[in-house]
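Beneath this line is the structure, given in structure tokens, with notes to follow.
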Amino acid sequence: MNLRRRIVTGAAVVVILALAILVPILVPNTYATFWALVPPIIAIGLALLTKEVYSSLFIGILVGAVFASGTAAHEAAAAGSSAAVAVASAAASTVDHLVSDGLIAAVESTAGIFLFLVILGVVVALMNKSGGSAAFGRWAQAHIKSRAGAQFATFVLGVLIFIDDYFNCLTVGSVMLPVTDSHRISRAKLSYLIDATAAPVCMIAPISSWAAAVSSYAEGTGYSGIELFIRAIPYNFYSLLTFVFIVAVVLMKADFGPMRLHERNAELKGDLFSTDERVDEIIAESNPRGRVLDLVLPIVVLVILSVVGLIYVGGFFGVDIWGGTECAGDFVAAFANTDATVGLPWGAVIALIFVLLYLMGRKLITFKEAMECVPQGFIAMVPAITILTMATSLKNMSNDLLGSAVYVETMMKGAAEGLASFLPAVIFIVACLLAFATGTSWGTFGILIPIVVSVFDASDPLLFVGISACLAGAVCGDHCSPISDTTIMSSAGARCVHVIHVSTQLPYAITVAVASFICYIFAGVFHLSAILCLLIGTALIVVFLLLMKRRYRSIEK
């Protein structure tokens, strides 16, 4: 970090800490006010400024804890306590919020995903050790001849794994990493390709954990939840145009912004990172007798068992876990009732046992070597687990303690009174901002879908456009946010420095977001069909990429 950036960063931290101290003193109650969004805004801003995510997230969490403790200080002062007692009460409350309501609660709520991350890390280490990954890399080099082909293969695999975004991020990264490395595709670009297919494909796939979640929120419309979801798919402009954008960027070779630097360094110099900061990777010797099947079979088994785990937890087999007996034999209902933090580890544990037995049965690894892969897999996932813990803690501060959801809901209802035809575009923007600040798509559409349903009549065609705008905005904000779990896992899957992934992805996501916003204006104001709007959005993206390509060509001459 150069001297100027250090000075700016130091000044920013001083201002933030002063703000954190003054706000609770001057504002008796920060709950459900704009201040509820300040902690995540601070964390995101510092992360982008300093390129250091751990301290930025911690400062955001600390600010949230200080804001939440303001009530304790005011209550102590109102009771006639001295200033020292009021300060001590606020300090104790701050630490309590930071530790109990923040970090500990974050670990409790995401423990299942931590387990899934570690198991997948172990499976990847086993496939590397057995030679399966190296064999797949050799096969890919022989059959995938170009950089464009490697990027399309990553994109297609991401689209095919539409069941769950967590599983998508980590599986696609594990499988395609040796392929993209061999074709000199930067880790930043691989991260983008993973992230740009994970949530968007789940949001337009009727059979996915996301579709089930949306269906559970969309009640009181006269339509079943899954019917409403399906009818909203054509208007999910952000998800659909993201796929258009990926294809256009790859075919036109029109990378721009920070991504262009990473891609040119990778292609011309073989530097996949373009920075001294990089994710540590444990490179172990692999068995030369490994075959492609030794990678493909474990992944296929992991996919199948993860799906089985999700529907099992949801009650498909009549097992009463979350009241799942009512879902027996109903695939869609089981998905609506499932919990990915339980279902994914459930399937992954069985898959891990299978992989161990299979690879040892093939005599590719010994039992001792297999056990050595366990800590290797854990170490590989430590950065993702750490960031995910802190990001979840920040979400808890903003949503649960400070009431950001209540604040946005109030603002949204006020905006809905006089906007009518412009409402889909407004919903899209609000969903983007909320998901960006909180880092959660599910929380965003959980807040906004009931509002959208109450605003539009069941017979109004704009109901589907409004629902789609809510879902598309949630995906967009989640896609852009450094504290999004999907963004974090995309970095982990590609073994990319998290802040690099965020900074290179942001211009791409914003480009698609602008095109989507224009599409929602056409759909809401002029009532154009979804197909016409998508054609307009596609034309905007292609024209923009042509302009960017011409601009860079003139600069580089």
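The values are calculated or read from the model by the stated rules, or taken from the named source; none is laboratory data. Computed from a predicted model, the values in this text were never measured in an experiment. Cβ coordinates were reconstructed from backbone atoms using ideal geometry, including for glycine residues, and neighbour counts include every protein chain displayed. The accessibility values were calculated without ligands, DNA or RNA, using every heavy atom of the protein model including side chains. Shrake-Rupley method; radii C 1.70, N 1.55, O 1.52, S 1.80 Å.
Go through the range 257-273 residue by residue and tally those that are within 22 Å of the chain's Cα centre (by Cα) and either in a loop (DSSP other than H, G, I, E, B) or free of Cβ contacts under 8 Å to residues at least 12 places away in the same chain (or both).
Initially, the range 257-273 is screened for residues within 22 Å of the chain's Cα centre (by Cα), giving 257-259, 262, 273.
With either in a loop (DSSP other than H, G, I, E, B) or free of Cβ contacts under 8 Å to residues at least 12 places away in the same chain (or both) added as a condition, the list becomes 257, 273.
Number of matching residues: 2.
Check the range 91-103 and report whether any residue there is farther than 22 Å from R184 by Cβ, in contact with a helix residue (DSSP H, G or I) (Cβ under 9 Å, 6 or more places away or on another chain) and open to solvent by less than 10 Å² (accessible area, probe 1.4 Å). Looking through the range 91-103, at least one residue is farther than 22 Å from R184 by Cβ, in contact with a helix residue (DSSP H, G or I) (Cβ under 9 Å, 6 or more places away or on another chain) and open to solvent by less than 10 Å² (accessible area, probe 1.4 Å). Each residue in the range 169-188 was checked for being touching a Leu at 6+ places or on another chain (Cβ under 9 Å), more than 18 Å from N128 (Cβ to Cβ) and open to solvent by less than 10 Å² (accessible area, probe 1.4 Å), and 3 of them qualify. Is there a residue in the range 156-168 that is within 30 Å of P24 (Cα to Cα), open to solvent by less than 10 Å² (accessible area, probe 1.4 Å) and in a helix (DSSP H, G or I)? There is no residue in the range 156-168 that is within 30 Å of P24 (Cα to Cα), open to solvent by less than 10 Å² (accessible area, probe 1.4 Å) and in a helix (DSSP H, G or I).
Residue check: is F316 out of contact with any Phe, Trp or Tyr (no Cβ under 7 Å at 6 or more places or on another chain) and either in a helix (DSSP H, G or I) or modelled with pLDDT of 75 or more (or both)?
Criteria not met by F316.
Quick check, is F245 of a type in the set (F, W, Y), in a helix (DSSP H, G or I), surrounded by 19 or more Cβ atoms within 10 Å (Cβ to Cβ) and at pLDDT below 90? In short, no. Residues in the range 7-55 that are of a type in the set (S, T, Y) and either touching a residue at least 24 places away in the same chain (Cβ under 8 Å) or closer than 23 Å to V87 by Cβ (or both): T9, T30, Y31, T33, T50, Y54. Examine the range 531-549 for a residue that is open to solvent by 40 Å² or more (accessible area, probe 1.4 Å), modelled with pLDDT under 95 and of a type in the set (D, E, K, R), and state whether such a residue exists. Yes: the range 531-549 contains one or more residues that are open to solvent by 40 Å² or more (accessible area, probe 1.4 Å), modelled with pLDDT under 95 and of a type in the set (D, E, K, R). Checked against the criteria, K129 counts as more than 23 Å from the chain's Cα centre (by Cα), open to solvent by 30 Å² or more (accessible area, probe 1.4 Å) and touching a residue at least 60 places away in the same chain (Cβ under 8 Å).
Among residues that are open to solvent by 20 Å² or more (accessible area, probe 1.4 Å), assigned to a helix (DSSP H, G or I), aromatic (F, W, Y) and at pLDDT 85 or above, Y358 is included.
Any residue in the range 509-516 that is open to solvent by 40 Å² or more (accessible area, probe 1.4 Å), within 21 Å of N236 (Cα to Cα) and at pLDDT 85 or above?
Yes, the range 509-516 contains a residue that is open to solvent by 40 Å² or more (accessible area, probe 1.4 Å), within 21 Å of N236 (Cα to Cα) and at pLDDT 85 or above.
Every test in (1) outside any helix (DSSP H, G or I); (2) touching a helix residue (DSSP H, G or I) at 6+ places or on another chain (Cβ under 6 Å) is passed by K363 save one, and that test is (2).
Of G329, G315, all but one fail to be more than 25 Å from the chain's Cα centre (by Cα), open to solvent by less than 30 Å² (accessible area, probe 1.4 Å) and small (G, A, S); the exception is G315. For the range 121-135, the criterion of being modelled with pLDDT under 80, in contact with a Pro (Cβ under 8 Å, 6 or more places away or on another chain) and in a helix (DSSP H, G or I) is met by at least one residue.
Criterion applied to S421, S459 was being outside any helix (DSSP H, G or I) and at pLDDT below 80, and the one residue passing it is S459. Scanning the range 51-71 for residues that are open to solvent by 20 Å² or more (accessible area, probe 1.4 Å), of a type in the set (S, T, Y) and under 23 Å from the mean Cα position of the chain (by Cα) returns Y54, S55.
Among the residues of the range 366-376, some residue qualifies, meaning at least one is crowded, with 22+ Cβ neighbours inside 10 Å and more than 20 Å from the chain's Cα centre (by Cα). The single condition among (1) open to solvent by less than 10 Å² (accessible area, probe 1.4 Å); (2) β-branched (V, I, T); (3) part of a helix (DSSP H, G or I); (4) within 24 Å of P383 (Cβ to Cβ) that V452 does not meet is (4). Out of all the residues in the range 36-45, is one or more among the small types (G, A, S), modelled with pLDDT of 80 or more, open to solvent by less than 60 Å² (accessible area, probe 1.4 Å) and touching a Leu at 6+ places or on another chain (Cβ under 7 Å)? Yes; the residues of the range 36-45 include at least one that is among the small types (G, A, S), modelled with pLDDT of 80 or more, open to solvent by less than 60 Å² (accessible area, probe 1.4 Å) and touching a Leu at 6+ places or on another chain (Cβ under 7 Å). The set of residues in the range 5-35 being among the polar types (S, T, N, Q) and either open to solvent by 50 Å² or more (accessible area, probe 1.4 Å) or closer than 26 Å to T410 by Cβ (or both) consists of N29, T30, T33.
Taking the range 455-478 as the range and being open to solvent by 10 Å² or more (accessible area, probe 1.4 Å) and touching a Lys or Arg at 6+ places or on another chain (Cβ under 9 Å) as the test, the residues that pass are V455, F464.
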